[in-house]
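A.B. asks: After the structure tokens below, expect a handful of questions from me.
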Amino acid sequence: MAETDAKWIDSISRKLNVLLSLQLRILLNDKEFGAKRRKGAADMVSYLASFGLDAKDIADIIGSPVTSVRTLMTPTRRKV
């Protein structure tokens, strides 16, 4: 039963990541979000990490390798 639950949760998580990814693309075209300058991967990682998402989920959402996202999430690299 626990294995079925884990598969179900993973499936929902992937679907939510797709929705977040689409929403982020919409947000990046928003004039207020990008008013100062174009947002890069570091800004997107910081933005998503502020919501408590882990590196794997953020990597899925922005289409970057997990190792790169983890590097960007290190305290010395993060702008929170």
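A.B. asks: With point charges of +1 on the Cβ of Lys and Arg and -1 on the Cβ of Asp and Glu, referenced to the Cα centre of the stretch 2-73, which listed residue (Asn29, Leu19, Thr67) lies farthest in the positive direction of the dipole?
C.D. replies: Positive-most Cα among the choices belongs to Asn29.
A.B. asks: Continuing with the same structure: Please find the FRET efficiency linking Thr71 to Leu22, where r is the Cβ-Cβ separation and R0 is fixed at 25 Å, and quote it to the nearest 0.05.
C.D. replies: For R0 = 25 Å, the calculated efficiency reads 0.50.
A.B. asks: Given 37 °C and 0.692 mPa s, compute D for the stretch 2-73 with the Stokes-Einstein relation, Rh being the Kirkwood radius over Cα pairs; round to the nearest whole µm²/s.
C.D. replies: Rounded to a whole number, D works out at 252 µm²/s.
A.B. asks: Using only alpha carbon pairs under 8 Å that are at least six residues apart, calculate the relative contact order of the stretch 2-73 and give it in whole percent.
C.D. replies: This gives 29 percent for the stretch 2-73.
Throughout, read-outs are computed from the coordinates displayed, never taken from laboratory work. What you see is a predicted model; the values in this text were computed from it and never measured. Reconstructed Cβ throughout: ideal geometry from the backbone, glycine too, with neighbour counts over all protein chains shown.
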